[in-house]
1. Tell me the residue from VAL72, VAL67, VAL96 that is within 15 Å of the ligand (Cβ to nearest atom), in a loop (DSSP other than H, G, I, E, B) and within 23 Å of LEU5 (Cβ to Cβ), please.
2. Does at least one position in segment 102-123 carry a residue that is among the small types (Gly, Ala, Ser), in a helix (DSSP H, G or I), surrounded by fewer than 16 Cβ atoms within 10 Å (Cβ to Cβ) and more than 12 Å from the ligand (Cβ to nearest atom)?
3. Look through LEU22, LEU35 and report the one residue that is on the phi < 0 side of the Ramachandran plot and more than 11 Å from the ligand (Cβ to nearest atom).
4. Can you tell me which residue in segment 11-36 is nearest to ARG111 (Cα to Cα), limited to those that are surrounded by 19 or more Cβ atoms within 10 Å (Cβ to Cβ) and of a type outside the set (A, V, I, L, M, F, W, C)?
5. Can you name the condition, by its number, that ASP145 falls short on among (1) away from the ligand (no atom under 14 Å from the Cβ); (2) acidic (Asp, Glu); (3) in a helix (DSSP H, G or I)?
6. Contact list please: Cβ distance under 8 Å, first residue in segment 15-33 and closer than 23 Å to TYR70 by Cα, second residue of a type in the set (Val, Ile, Thr) and not in a helix (DSSP H, G or I), pairs at least six apart or on different chains.
7. Do we have any residue at all in segment 78-93 that's surrounded by fewer than 17 Cβ atoms within 10 Å (Cβ to Cβ), in contact with a Pro (Cβ under 8 Å, 6 or more places away or on another chain) and part of a helix (DSSP H, G or I)?
8. Hey, does segment 44-59 have a residue that's in a helix (DSSP H, G or I), farther than 19 Å from PRO164 by Cβ and of a type outside the set (S, T, N, Q)?
Amino acid sequence: MNEKLVKAMNEQINKEIYSAFLYLAMSEWAMQKGLKGAAHWLYVQYLEEMAHGQNIYRYLQVRGDPVELYPVAKPESGWNSLLEVYRDVLAHEKTVTASIANLANISQDVRDHATSIFLEWYVTEQVEEEGNATDIIQRLQLAGDNLSGLLMIDTELSARTFAPPVVPGLPPAP
Ligand code: FEO
């Protein structure tokens, strides 16, 4: 694969793992606040982000290109409310969307059609990621300072299930 694309793909692995750590930190914050449903939702998000990184790792291996693992930065902490947490989720996902778009642009510039197709899954996933966060922010805004509204949303968040994300055409890990 093109060298610039391989470097950007390796950097994306790091961004996905950082995303995982950020959501794990948010999950811990929610657990400390007694918001177990949100803690669960954010933990599932952590698992998904790890899988996003793992799937790029696997893709590079299948293409025969070197994987480079970089240090993962310490995630943010110290939110004041669940609404603030989800506003940060959305803001973070927007940065990831931009990063994926940049990868897709590079793959098109270097005419790497296989990688362009691989990245389509990520482009679509980002629409869902931003949509989920936006939806939860709207509901938290509706609840405002109403504690029973917050607890109802927390219960809804506890229903999230985890299914390992499958990128079409990617052979399983060894
Ligand atoms: Fe892997 Fe939330 O983007």
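Laboratory data are not the source of any read-out in this text; all were calculated from the coordinates shown. Fair warning: this is a prediction, and the values are worked out from it, not measured in the lab. When we count neighbours, we look across all protein chains shown, and the Cβ atoms used for this are built from the backbone with ideal geometry, even at glycine.
1. None of the others qualify; the one that does is VAL72.
2. Yes: segment 102-123 contains one or more residues that are among the small types (Gly, Ala, Ser), in a helix (DSSP H, G or I), surrounded by fewer than 16 Cβ atoms within 10 Å (Cβ to Cβ) and more than 12 Å from the ligand (Cβ to nearest atom).
3. LEU35
4. Only one residue tops the list, namely GLN12.
5. Unmet for ASP145, out of (1) away from the ligand (no atom under 14 Å from the Cβ); (2) acidic (Asp, Glu); (3) in a helix (DSSP H, G or I): (3).
6. So the pair list comes out as ILE17/VAL72; TYR18/VAL72; PHE21/VAL72.
7. Looking through segment 78-93, none of the residues is surrounded by fewer than 17 Cβ atoms within 10 Å (Cβ to Cβ), in contact with a Pro (Cβ under 8 Å, 6 or more places away or on another chain) and part of a helix (DSSP H, G or I).
8. No, segment 44-59 contains no residue that is in a helix (DSSP H, G or I), farther than 19 Å from PRO164 by Cβ and of a type outside the set (S, T, N, Q).
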